[in-house]
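Before any comments, here is the structure.
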Amino acid sequence: MKLLLLSLLLAATSYGNENEFYEEPETKGTSVRLEESVVSTTGYETTVRNTTKNLTVISNEDIENKNYSEITDLLKRVPGVTVSSNVFGTSIDLRGQGENKSKANVQILVDGVNINPLDTSMGVLPLDNIPVDNIERIEVLPGGGSILYGDGTVGGVVNIITKLEAGKTYSSIGTKIESDNSKEFNLNLGQKLTKKLAVQINYNNKSGDGYRDDSDYDKEYFEGALSYNLNDKNKLIFKYSKAEENKKIASSLTRQELDEDRKQSGEVTGEEWTAPSRSELDRDLYSLNYKSNLTNNIIFDLDTSYQETENKYSSVMEVFSMPTFTSQGQDSIGSFIDKKLIINPKLNFKYRDKGEFILGFDYKNNKGERTGEPGYLGMYQTYEYNMEKETFGGYALNKFKAGKFEFTQGYRREKSSYEINRYSDKYTFGPPLPLPTTPGYSKVENFDYDSDATNDAYELGINYLYSNTGNIYTRFEGGFRTPGPSEFINKDKTTGDYTFNDLQSETYNTFEFGLKDYIFNSYVSGTAFYTETKDEIVQSGNMPYNWEFYNIGKTKRTGIELFAEQYIGKLTLSEGFTYIDAKIKESDSGLDTSGNYIPVVSKYTGNISLTYNFDKKLSLGLNTIYKDGYYLNEENTGGKVNDYIVTDLTVNYLFNNGLKLYAGINNIFKEIYYTDIEEDSNSSDGKSYNPAAERSYYIGFKYNF
C-alpha cells in the first residue's frame with residue numbers, strides 16, 4: 001500500500017502539457033522486423049538487419065496484443081526459450097544449457113543491468129516481479145554476447161527494456177481479473193515537467209490464490225525515473241525500483257500424490273497436515289546513467305547501479321522427538337541476500353561510413369549471504385555462508401562497413417576474484433533433537449577459500465547486405481563462464497562433510513551462420529550454429545543431502561533456429577522452430593556419459609501464432625507452443641519426460657477514447673504438463689512433479705489518457 005501512495009503522489013506532480021519524453025523513432029518501412037531498433041548487440045542503437053546475431057524482439061505491439069501477466073509467459077512463446085520454475089524460482093534457458101546451468105549461462109538484463117543471482121544454486125532470479133505493463137520490448141539474443149557482457153553468455157542474453165529506458169510519453173491505468181482469484185492493478189505515467197526535466201513512474205499490485213492448494217502470492221512493484229538534460233549534449237537519468245513479494249509455494253508431488261490430486265499442496269510423509277513453503281522477497285535497484293556527446297563523433301556513457309535482493313525461505317520439516325521418535329513438524333528458515341554494485345564507463349567513436357569503435361570497462365562487486373537455522377533443508381544445523389566475487393573487465397568492439405559488407409571484431413579480458421567463508425554448527429548425535437539445540441551435541445566447522453580466474457573472449461563477424469532487405473552473416477565467438485562461489489563446495493554423501501573442489505572456468509567456441517530477409521510479404525530468419533564447450537561445470541547428487549560440482553571434458557550443441565512471419569491483409573501469421581542436439585562429447589568424470597544427451601534440454605520446440613484484425617477496433621490472437629520431452633540425468637535413464645502442446649486465445653477491443661477491453665483463455669485444451677520435474681527416490685516412478693496450471697481465464701481493461 002505504501003508503494004501505491006508513493007506512486008499517486010508522484011503522479012500528481014508528473015502531468016504536463018508536453019506530448020513527448022524523447023523523440024519517437026522514425027516510421028518504419030514495410031519490413032518491420034528487419035528495421036526494428038535494438039541495443040543488445042553493441043549497447044547502442046542499430047537494426048536487426050545490421051546485426052550478425054539471430055536476435056528476436058518481442059515488441060511493444062506483441063506485448064499489448066498477447067495480454068500475458070508475466071514476463072515468463074512472454075518468453076515461453078519465443079522459439080528456443082525454455083522456462084522452468086521450482087521452489088527456488090525461475091530459470092531461463094537458451095540453446096540447451098539445461099535447467100541447472102541456465103542461471104549461470106544465460107544473462108538476464110533489465111535496461112542493460114544484470115540481475116542474475118551470485119548464488120546460482122539457491123539464489124532467486126526476480127524476473128516475474130517486473131510487471132509486463134511496464135515493458136517496452138524484450139530482446140532475446142541466443143548464443144553469445146561475451147564481448148559486451150562478459151562472464152556467462154554461452155546460452156545468450158535476454159534484455160528487458162522498460163518504458164523508463166525507452167523514454168516514451170504515456171499515461172495509463174488498468175486492471176485484470178484471472179482464474180484462481182487473481183487480481184492485478186497497473187498505473188503507468190511518463191511526462192515532461194519542463195523542457196529539461198521529465199519524470200516516469202509505474203506501479204503494479206498483483207495477488208491471487210495460485211493454481212495449487214495452499215498456495216498464494218501478493219506482489220507489489222514500484223519504479224520511477226527522473227531524466228534531466230543538463231544541456232544539448234549532456235543528460236542524467238536516475239532510476240529506482242522496488243519489488244516486494246510474499247507467497248506460499250506448494251511442494252513437488254510424488255507420482256502417487258499426482259495421481260490422487262495434482263492440485264494438492266503435498267504432504268509431509270506420515271502426517272495429515274500439509275506444509276507449503278513460504279517465501280518473502282524484497283528487492284531494491286538504483287541506477288544512474290550519464291551520457292555526454294563529447295563531439296559529433298564521440299559519445300561517453302557511464303552506467304552505475306546497485307541492487308540488493310533478500311529472499312527469506314521457510315518450510316516445515318519432519319523431525320523426531322527423543323526417545324519416542326514421535327513425528328512432528330519444525331519450522332525451517334533460510335535467508336538469501338544478494339548485493340551487486342556495477343560500474344560501466346564506455347566510449348563510442350564513430351568514423352567513416354557507419355563505422356564505430358566501442359571501448360569499455362566494467363567493474364562488478366557481487367556479495368552473497370546465505371544463512372540457515374536448524375532443520376533448514378534437512379541439514380539440521382545453523383550455518384552462515386558468505387561469498388564475494390569481484391570482477392574487472394575491459395573490452396573493445398569495432399564495426400566498419402566496406403561496400404555491402406559489414407565487419408565486426410571484439411576482444412575482452414576479465415579477471416574474477418573470490419572470497420568464500422562457510423561456518424556451520426551441526427548435530428552429531430543420532431536423530432536431530434527438537435529446538436532449542438542441546439549443548440554437547442554439535443560440531444563446529446569453519447572453511448575459508450580464496451581463488452581467482454582470468455579469461456579472454458573473442459568475436460569475429462561478417463554481414464553481407466546482398467539486397468535492400470536481405471543479409472547473410474557468419475560469426476565466431478569464443479567466451480567463458482566462471483564458477484559461482486557456491487559451486488566451489490561439495491558435500492559428501494556418507495559423512496555429510498563439506499570440502500572445497502578445484503573447479504575450473506568453462507570455455508566455449510560458437511560458430512554461427514544465418515540469413516534474414518523480407519520476401520513476398522514475409523519476414524524470414526534462419527540460423528545454424530555449433531557450440532563446443534570445454535570443462536563444462538556440472539552437478540551431481542541430491543541437494544540438500546549431498547552434491548558434487550566438477551568439470552567434464554567437452555560438450556557440444558548443434559542446432560538450427562527458424563522463424564517466419566507473414567502479413568496477409570488483416571491476418572498476421574508467425575511460425576518458429578528450433579532443433580538442438582545437445583550432447584556430452586567427452587566425459588572426465590568417474591561415470592562415462594560420452595555421447596549422452598545433456599539433461600533437461602528439449603530437442604525440438606516450435607510455435608505457431610496468428611493475429612486477425614477484424615477492423616481497427618477488434619482483434620483476435622491465437623498462439624500454440626510445442627516442447628519436446630527431455631532426459632532428467634546425464635545417464636539418460638528413465639526415458640524422456642514433459643513433452644506438451646499448449647494453446648492460448650486472446651481478444652482485444654479498442655474504443656476511440658483510449659479504452660481497451662481484453663479477455664482470454666490460457667491452455668484452452670487443458671494440456672497436462674509440468675513447470676519442473678526432478679528425480680525423487682521416494683516416488684513410485686523415481687520422479688517428483690510441479691504441475692503447471694490447466695485451463696484458466698482472464699478479463700481486463702486498460703485506459704490510456
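No lab work stands behind these numbers, since they all come straight from the coordinates. What you see is a predicted model; the values in this text were computed from it and never measured. Neighbour counts are summed over all protein chains in view; Cβ atoms, including those assigned to glycine, are modelled from backbone coordinates with ideal geometry.
Each of Ala564 and Ile298 was given a label point 7 Å from its Cα along the Cα-to-Cβ line. The distance between the two points is 5.0 nm. Computed over the alpha-carbon pairs of the chain, the distance histogram in 10 Å steps reads 3, 14, 25, 28, 20, 8, 2, 0, 0 percent, short to long.
Exposed loop sites here mean trypsin sites (Lys or Arg not before Pro) with a DSSP loop assignment and at most 10 other beta-carbon atoms within 10 Å; the chain contains its longest site-free run at 353-615.
Taking amide H atoms as placed 1.01 Å from N in the peptide plane, the amide H of Gly629 lies under 5 Å from those of Asp643, each 5 or more residues away in sequence or on another chain. Starting from the Cα-Cα distance between Lys291 and Lys339, subtract it from 0.36 nm times their residue separation and give me the gain in nm to one decimal. In short, 14.7 nm is gained.
Using a Förster distance of 51 angstrom, determine the FRET efficiency expected from the C-beta separation of Lys617 and Phe520, and round it to 0.05.
Efficiency, rounded to the nearest 0.05: 0.95.
For the set Lys263/Lys687; Lys415/Lys583; Lys101/Lys640; Lys206/Lys627, the pairs lying more than 22 angstrom apart at their alpha carbons are Lys415/Lys583; Lys206/Lys627.
Counting only the backbone N, which residues of region 616-630 are under 19 Å from the spot 7 Å out from the Cα of Phe701 toward its beta-carbon? Answer for region 616-630: 617-619. Computed extension length for Asn542-Asp261: 98.6 nm, one decimal, from 0.36 nm per residue of separation with the Cα-Cα distance subtracted. Using the Karplus relation 6.51 cos²θ - 1.76 cosθ + 1.60 with θ = phi - 60°, the per-residue 3J(HN,Hα) values for region 348-355 come to 10, 9, 9, 8, 6, 8, 6, x Hz, with x marking Gly and Pro.
Using the alpha-carbon atoms, what tilt in degrees (0 to 90, nearest 10) does helix 2-14 show relative to the longest principal axis of the chain? Roughly 10 degrees between the two axes. Cβ-Cβ distance of Ser314 and Ser207, R₀ of 22 Å, FRET efficiency by 1/(1 + (r/R0)^6): the value works out to about 0.65.
Find how much the distance from Thr637 to Gln409 grows on full extension, using 0.36 nm per residue of separation minus their present alpha carbon separation; answer in nm with one decimal.
My answer for the length gained is 77.8 nm.
Across region 145-154, coupling constants 3J(HN,Hα) worked out from phi with the 6.51/-1.76/1.60 Karplus curve, θ = phi - 60°, read x, 5, 5, 7, 10, x, 4, x, 10, 4 Hz, and Gly and Pro carry x.
Rounded to the nearest 500, the helix-only mean residue ellipticity at 222 nm of the chain stands at -1500 deg cm²/dmol, with each DSSP H run of n ≥ 4 adding -39,500 (n - 2.57).
Applying the Karplus relation 6.51 cos²θ - 1.76 cosθ + 1.60 with θ = phi - 60° to region 209-225 yields 3J(HN,Hα) values of 8, x, 6, 8, 4, 6, 10, 7, 8, 9, 10, 9, 9, 9, 9, x, 8 Hz, where x marks Gly and Pro.
Around Asn231, with a cut-off of 15 angstrom between Cβ atoms, what is the net charge of the other residues, counting Lys and Arg +1 and Asp and Glu -1? Could the numbers behind the result be given before it?
Values: positive: Lys195, Lys196, Lys233, Lys235, Lys291; negative: Asp232.
Residues close to Asn231 contribute a combined charge of +4.
Taking every alpha-carbon pair under 8 Å whose residues sit at least 6 apart, region 2-704 reaches a relative contact order of 11 percent.
Comparing Tyr545, Asn633, Thr572 along the charge dipole axis of region 2-704, the residue lying farthest to the positive side is Thr572, per the Cβ-charge model. Charge tally for Tyr203 (other residues, Cβ to Cβ under 9 Å; Lys, Arg +1; Asp, Glu -1): -2. In loop segments of region 538-590 as defined by DSSP, the chymotrypsin sites (Phe, Trp or Tyr not before Pro) with at most 15 further C-beta atoms inside 10 Å of their C-beta are Tyr545. Between Lys670 and Ile472, the C-beta separation translates, for a Förster distance of 41 Å, into a calculated FRET efficiency of about 0.40. Pair-distance distribution P(r) for region 584-661, from all Cα-Cα distances in 5 Å bins starting at 0: 3, 13, 15, 12, 10, 8, 8, 8, 6, 6, 5, 3, 2, 0 percent. Among Ile608, Ile249, the ranking by other beta carbons within 10 Å of each residue's beta carbon, starting with the fewest, stands as Ile608, Ile249.
Less than 5 angstrom separates the built amide H of Gly145 from none of the residues sequence-distant by 5 or more or on a different chain.
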